[in-house]
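Down below is the structure, laid out as structure tokens.
The values are calculated or read from the model by the stated rules, or taken from the named source; none is laboratory data. Quantities reported herein were computed from a predicted structural model and do not represent experimental measurements. Cβ placement follows ideal geometry from the backbone for every residue including glycine, while neighbour counts extend to all protein chains displayed.
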Amino acid sequence: MRVDIASDEGAASACLFDDAPGDGYLTCADRDICDSYGFGLASVGDADRDGDGVAVGAGPGCDNCRWIVNPDLADSDGDGYGDACDNCVDTPNPDQANGDWNDLGDACDACYASGLGDSDSDGICYPVDNCTDAPNPDQADSDGDGYGDPCDYCTGPGQFDSDGDGLCDDADNCAFNHNPDQSNADADGFGDPCDWCPGPGSRDSDNDGTCDQVDNCLYKHNADQVDSDGDGYGDQCDTCAGWGDSDRDGDGTCDWLDNCASIHNPDQSDADADGFGDPCDSCAGPGSYDIDSDGACDQHDNCIYDHNPDQADIDGDGIGDICDPAT
């Protein structure tokens, strides 16, 4: 409500109480008092909403920052918004436009004007700002890791310290266990609080005291790491003699060395010395296959698909008589 006052000292106009500027409603200086849809009137009971002793309103004598205490009503740029709540203190902007929703109005936000962001309103635009969510106009970066001090919570490369020991996760030898001294008894790169075994690595799946990376029997407890056949597989998980740890036919000879890997032949007998053990060698000579079942292995059978146990070849051309058109 605005009233005009006449006195011996002259006429004056003052706003007793009203809604505040910037909220989309008309002010007491320019509205039609009968326009009930164009403004929101503050009740007499909350005319001084921030308790600074000045009634809410627009114009001389009214509170130009209704939610922030500012009894002096300072308004450096004269735009109707007190310095305490003006998003551009030194640049007049009665509309208080703020397109990027930071603390600076568009009229004084150089980053917004150039199409860049400045979410922390420190005057340093993205992507140059080394701390985009905390104001740091001086861009201080004590550890030189590219993250500004206000948003860098640790020393060294990186900005996060998950275990709160003062060392950044990127450089911490135990990122999720508090270990400010970075002790590492076995010098394997894993800090003692998260290293459960001696030697390279930090995991010990079978709890035998030897890290998985060097354990010769990863999932079976074998603290002594005995390996009788010297093939790199510990006895606890090595079911055969010789290189390897798999023995499909259970004859004691590892598959890699077994001359008949799928048929039990512990003596490894091989009558024709062709590398195929007798239980899985169906023919004489090199090879183990005999398609025509004539006793001659396919590799040297002169008639692979015709049964000719005598291998007769009357013209000596390498083709058995039974399948040689010339005979």
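Entry remark, the stretch 270-327: residues being in a helix (DSSP H, G or I), among the charged types (D, E, K, R) and closer than 30 Å to Thr253 by Cβ number 2 in total.
Trp256 fulfils the conditions (1) crowded, with 18+ Cβ neighbours inside 10 Å; (2) of a type in the set (Phe, Trp, Tyr); (3) touching a Gly at 6+ places or on another chain (Cβ under 6 Å) except for a single criterion, (1). Ala107: farther than 30 Å from Gln182 by Cα, of a type in the set (Gly, Ala, Ser) and not in a loop (DSSP other than H, G, I, E, B), yes or no? Yes; evaluated as a whole, the condition is true for this residue. Figure legend. Inter-residue proximity from the stretch 88-104: first residues at negative phi, second residues modelled with pLDDT of 85 or more and among the aliphatic types (A, V, I, L, M), beta-carbon distance below 8 Å, spacing 6+ or different chains. Indicated pairs: Cys88/Leu104; Cys88/Ala107; Thr91/Ala107; Pro92/Ala107; Asn93/Ala107; Ala97/Ala107; Asn98/Leu104.
I'm trying to understand the selection: among the residues of the stretch 187-205, which are buried (at least 19 other Cβ atoms within 10 Å of the Cβ) and either more than 24 Å from Asp170 (Cα to Cα) or charged (D, E, K, R) (or both)?
Residues of the stretch 187-205 that are buried (at least 19 other Cβ atoms within 10 Å of the Cβ), as a first pass: 190-191, 195, 197, 201-202, 204.
Listed by number, the residues that qualify are Asp195, Asp204.
Taken together, Asn87, Asn98, Asn93 contain a single residue that is polar (S, T, N, Q), modelled with pLDDT under 90, assigned to a loop (DSSP other than H, G, I, E, B) and under 30 Å from Tyr126 (Cα atoms), which is Asn98.
So, in the stretch 126-146, of the ones that are surrounded by fewer than 18 Cβ atoms within 10 Å (Cβ to Cβ) and among the charged types (D, E, K, R), which residue ends up farthest from Thr91 (Cα to Cα)? Looking at the filtered set, the residue picked out is Asp143.
Of the candidates Gly123, Gly115, Gly164, the single residue that is assigned to a loop (DSSP other than H, G, I, E, B) and either more than 30 Å from Pro92 (Cβ to Cβ) or hydrophobic (A, V, I, L, M, F, W, C) (or both) is Gly164. Restricting Gly244, Gly252 to those that are free of Cβ contacts under 8 Å to residues at least 24 places away in the same chain, over 17 Å from Cys280 (Cβ atoms) and of a type outside the set (Asp, Glu) reduces the list to Gly244. Selection of the stretch 126-156 for residues being assigned to a helix (DSSP H, G or I) and hydrophobic (A, V, I, L, M, F, W, C) yields only Cys151.
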